[in-house]
Amino acid sequence: LLALKGMIKPSRVFLRIHRDFRKIVRLRHFLVRKRTDIKNRVHGILDSELFQLSNVLTDIFGKSGVKIMQGILDGKSPDEVLQSIHSRVRERKEEEIRTLLEQNLSIYALLQLRHCLRVMKQLDTEIELLTGTASQYAMDKYPREFEILYSVPGIGEVSAFTLLAEVGNFKDFPSGDKLASWLGIVPKIYQSADHKAKRSITKRGSRLARWILI
């Protein structure tokens, strides 16, 4: 009633179509976190078997790393696995990789590894589809804002459409300070008489947008 009388400002309520867009973006980030959990599980599986692939490759989930793990699951010989990976990696790391491939993983480790790689592959597909959907929506509905955000150093495609999904129309905020306060990236202020102290940030508003910015 007070809002209808113009006595107070109404809360920001996103349109249904924008709420659906935000759900798509949040689902994407949820799946990315799940994929990270699976990757950590794979590291744990290999480490428990003393199969130190991470000591040989910087990223065991790159093309060469995945081919090595898939080759082991497929029962390929060390020579076959080595031939399947990139020649540059093979030339630099052949002896180390061959030494690793001479090890035998337990049947239970292989079973877990097979399931983890299968789930990761499915997650990669779903994340890619959600990324395309979110990016297309952002470019269609917020072309200028998306272009400006994308031009900022450190802000890529995912960061840009995530901020657009979480913040919505930037014109709803009269100043950058108001937006920063809404996002919870301003310090808490405690005041008693003439004493004023600033503490950690308030952490109000969207946790996802705050994570992107920080």
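The values are calculated or read from the model by the stated rules, or taken from the named source; none is laboratory data. The model shown is predicted, which means the values in this text are computed figures rather than measured ones. Remember, those area values only see protein heavy atoms, side chains included, never the ligands or the DNA or RNA. Shrake-Rupley method; radii C 1.70, N 1.55, O 1.52, S 1.80 Å.
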Taking only the alpha-carbon atoms of region 1-82, the convex hull volume per residue, in cubic angstrom, is 164
Expressed as a fraction of 2.2 N^0.38 Å, the rule-of-thumb size for a compact globular protein of N residues, what is the C-alpha radius of gyration of region 25-131? 1.11
Mean projected area (nm²) of the alpha-carbon convex hull when region 69-146 is viewed from all directions: 7.7
How large, in percent, is the carbon and sulfur part of the accessible surface of the chain at a probe radius of 1.4 Å? 53
At a threshold of 8 angstrom on Cα-Cα distance, excluding pairs fewer than six apart, so keeping six or more, what relative contact order does region 138-214 reach in percent? 25
Quick one: Cα centre-to-centre distance for region 155-214 and region 1-77, in angstrom? 24
Can you flag which of Lys67/Lys93; Lys34/Lys121; Lys9/Lys196; Lys63/Lys93 are past 19 Å Cα-Cα? Lys9/Lys196
Can you give the convex hull volume per residue for the Cα atoms of region 115-161, as a whole number of Å³? 56
Sorted from largest down, give the three principal axis spans of the alpha carbons of region 64-104, whole angstrom values. 23, 16, 14
